[in-house]
Amino acid sequence: MGGKVSIILVMLFSSIFALVGGDILKRNSNMTDNYIDYYNSTKASNIAISGANLAINKLYLDKNWMVGFPGRSFSGGSFDVTITKIGYDSRQINSIGTYNGVSKSVEILLEPENFALFGNFYNVFGNVWAATGDTFQGRFHANDWINCYGDPVFLGQATTSKGVKLYDGYSHPEFFGGTKVTDPIPLEFDTSSMRIAAYNNGKIFRDTTNTGKVITVDIKLLSDGNVTYKLKIGTGSYTSERTVPLSTLAPNGLIYVEKGNLNVEGTLNGRATLVASQKGNSTAGQVFITNSIEYAQNPLSNPSSDDMLGIVAENKVTVTFNSSRGDINIHSSIFSQKDGLVIERYADYPTAYNMNLLGGIIGQKVQPTATYRLINGKYVPTNGYSYVHKYDTRFTKIRPPFFPGTKYFRVVTWYED
Amino acid sequence: MGFSTIIDILSATIIGGIILLNLLKLNENVYQAEVTTMLDVNLQVEVVNVANVIESDFNKIGYCADPENINDLSKVTVADTSLIKIVYDIDKDGDYDTVYYYVSSTDLLNGTPNPRDRILYRQVNSEIPFMVSNRIVDFNLKYFDSIYDTLTTPLASPGLATYIKIAFRVEDPYAYDQQYNEAYWRRLTVTAKNLKRN
């Protein structure tokens, strides 16, 4: 009797356990499904990102690549990448990654990169060190190491083709915009396209005697929107001064000095880019800043200011020596293909002044601007100019007319769903 | 006959009793496994849900649908060990929004037996905070600058944060046999594509 009851109990409990065990297995299965869903979703997202990165690389190699990757198998799933032209010359990449029936997408907006985006750009850093007290605004790039001595501050993104070199263990640079190693960005620009643009709707100054002489152009920018200029060919004498509206002299804003040098100062009311080309002559292609160059409306106090200047020298840009000048303000993005921003005879100044630069410096190399002396354990400038830089943030959205561009796109926005 | 029957009955009762006791113990074990598994499943689902919400936000730090409105201001505006305020364009309307993650004190969930559980909130702009999870026992954020140096929290300059490590642990509010089920999620490095761009 008892044995029968036991058998019945055993069978009863077995049945209950079978039911409960089924539930446990089902829950375990749910738990696995849950993780599989998460894995599928993550994997699909990673495939979409991979597709987008491959497309960016293709565009990096060929700016005109528009084919995309239709239905490409990848890592057990697939991605579908399309390229769309946005506006005049921007691109949108749409990458859809699919894995086990789950789809994720990435949407990227790219725009052509131009040199005005940089607050500081140097091909060669050499033995110069960014040091304590130096604050770099805007994007920073070096086709070299970024040498850091002490605690320099980089407020924008800092990119380098080699890396960050710290002087010693006490050096702690601050990169507020992050830093990464990228491919070198060639410091080059297309003089012919600028020349054509100057011919078409800008102003071109050249040796009209066709004797291959170097010309010199003096330009004074006036706050009323006019420009006063004069020029000389070779060692000849200057022409008489002419004053015309900037919009009449160069409707598209591009003033191009072919095989010549340019002296410039004044207050700009409008948008312009001043170019000095070498055309094979080593003494040409220079821009000399003879005094302050300012905007009629300072964008720091008036963000809606539409005054904007680019200075482009195939050779170098020099601040001429003037011991009685005092501080100097330079509102411009400055591009010097073969040198940098040179302070002429900086050691001969009686004391140290401020060079307040609103814009950027894009050059072959970093040039010294002042002499320093160790006072109370700190290096302080004693003669020349201290470099006080502020980046003109308008350049992230708009550049001076025909200001040189790099050959690459840059990522403007990146969206992952 | 009578004596052997009694012995049979007693033996059967004893054997039946032993089996019954084992079955009852087994039943208890199965019940415990059932409950533990059920709680574990819920906890795992909770982890994945919280991870999805966090990843969705952190992957988009700094994003703005309208390039004209992109600015250079810091996109991590407050950064501490267990709270963070990030900025991106949530609804793709071209304007930046602020997303604030923070955890409550344990006092808020005094009603649960678990003394460690807290609420993880996600607040968008000035809207009413959304409860992401009420089983959080640990929500930990670590920040690194661009050369992977660890930044001390709270960050005096949140703009220096370039990489963020996120880790959180969830536990059941109710213990079984003094044991709280737990699940842990960690993402080693979040590098938002839009965080550092200019």
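The values are calculated or read from the model by the stated rules, or taken from the named source; none is laboratory data. Computed from a predicted model, the values in this text were never measured in an experiment. Every residue, glycine among them, receives a Cβ derived from its backbone with ideal geometry; neighbour counts consider all protein chains shown. The accessibility values were calculated without ligands, DNA or RNA, using every heavy atom of the protein model including side chains. Shrake-Rupley method; radii C 1.70, N 1.55, O 1.52, S 1.80 Å.
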Checklist line | Single match in A:219, A:204, A:215 (criterion: more than 19 Å from residue A:320 (Cβ to Cβ) and buried (at least 19 other Cβ atoms within 10 Å of the Cβ)) | finding: A:204
Next item on the list: Mind telling me which of the residues A:41, A:15 ends up being more than 7 Å from every other protein chain (Cβ to nearest Cβ), open to solvent by less than 70 Å² (accessible area, probe 1.4 Å), within 23 Å of residue B:26 (Cβ to Cβ) and of a type in the set (Ser, Thr, Tyr)?
Entry: A:15
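Within segment B:126-177, restricting attention to residues that are part of a loop (DSSP other than H, G, I, E, B) and under 14 Å from the mean Cα position of the chain (by Cα), which residue is nearest to the other protein chains (Cβ to nearest Cβ)?
So the residue we want is B:172.
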Note to self: Taking the conditions exactly as written (surrounded by fewer than 18 Cβ atoms within 10 Å (Cβ to Cβ) and either basic (Lys, Arg) or within 14 Å of chain A (Cβ to nearest Cβ) (or both)), does residue B:83 satisfy them or not?
What the structure shows: no
Margin query: List the residue pairs whose Cβ atoms are under 6 Å apart, where the first residue sits in segment B:5-25 and is on the phi < 0 side of the Ramachandran plot and at the interface with chain A (Cβ under 10 Å from one of its Cβ atoms), the second is in a helix (DSSP H, G or I) and of a type in the set (S, T, N, Q), and the two are 6 or more positions apart or on different chains.
Written below: B:16/A:6; B:19/A:6
Note to self: Every residue in segment A:133-146 that is surrounded by 22 or more Cβ atoms within 10 Å (Cβ to Cβ) and polar (S, T, N, Q), please.
What the structure shows: A:137
Margin query: Suppose we keep only residues that are at the interface with chain B (Cβ under 10 Å from one of its Cβ atoms) and among the small types (Gly, Ala, Ser) within segment A:18-38. Which one would you say is surrounded by the fewest Cβ atoms within 10 Å (Cβ to Cβ)?
Written below: A:29
Checklist line | Test for residue A:298: is it within 25 Å of residue A:138 (Cα to Cα), touching a residue at least 12 places away in the same chain (Cβ under 8 Å) and either open to solvent by 20 Å² or more (accessible area, probe 1.4 Å) or small (Gly, Ala, Ser) (or both) | finding: yes
Notebook entry, point to check: How many of the residues making up segment A:405-417 are more than 7 Å from chain B (Cβ to nearest Cβ), closer than 30 Å to residue B:53 by Cα and open to solvent by less than 40 Å² (accessible area, probe 1.4 Å)?
Noted result: 1
Next item on the list: Considering only residues that are modelled with pLDDT of 85 or more and open to solvent by less than 30 Å² (accessible area, probe 1.4 Å), look in segment A:387-404 and name the one that is nearest to the other protein chains (Cβ to nearest Cβ).
Entry: A:391
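Each row is one residue, and each column tells you yes or no for (1) within 14 Å of another protein chain (Cβ to nearest Cβ); (2) open to solvent by 50 Å² or more (accessible area, probe 1.4 Å); (3) at pLDDT 95 or above; (4) within 23 Å of residue B:168 (Cα to Cα).
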position: B:63; (1), (2), (3), (4): yes, no, no, no
position: B:66; (1), (2), (3), (4): yes, yes, no, no
position: B:76; (1), (2), (3), (4): yes, no, no, yes
position: B:91; (1), (2), (3), (4): yes, yes, no, no
position: B:99; (1), (2), (3), (4): no, no, yes, yes
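Going by the structure shown, is residue A:220 in contact with a helix residue (DSSP H, G or I) (Cβ under 6 Å, 6 or more places away or on another chain), modelled with pLDDT of 90 or more and away from chain B (no Cβ under 14 Å)?
no
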Note to self: residue A:382 - would you say it is away from chain B (no Cβ under 14 Å) and at pLDDT below 90?
What the structure shows: yes
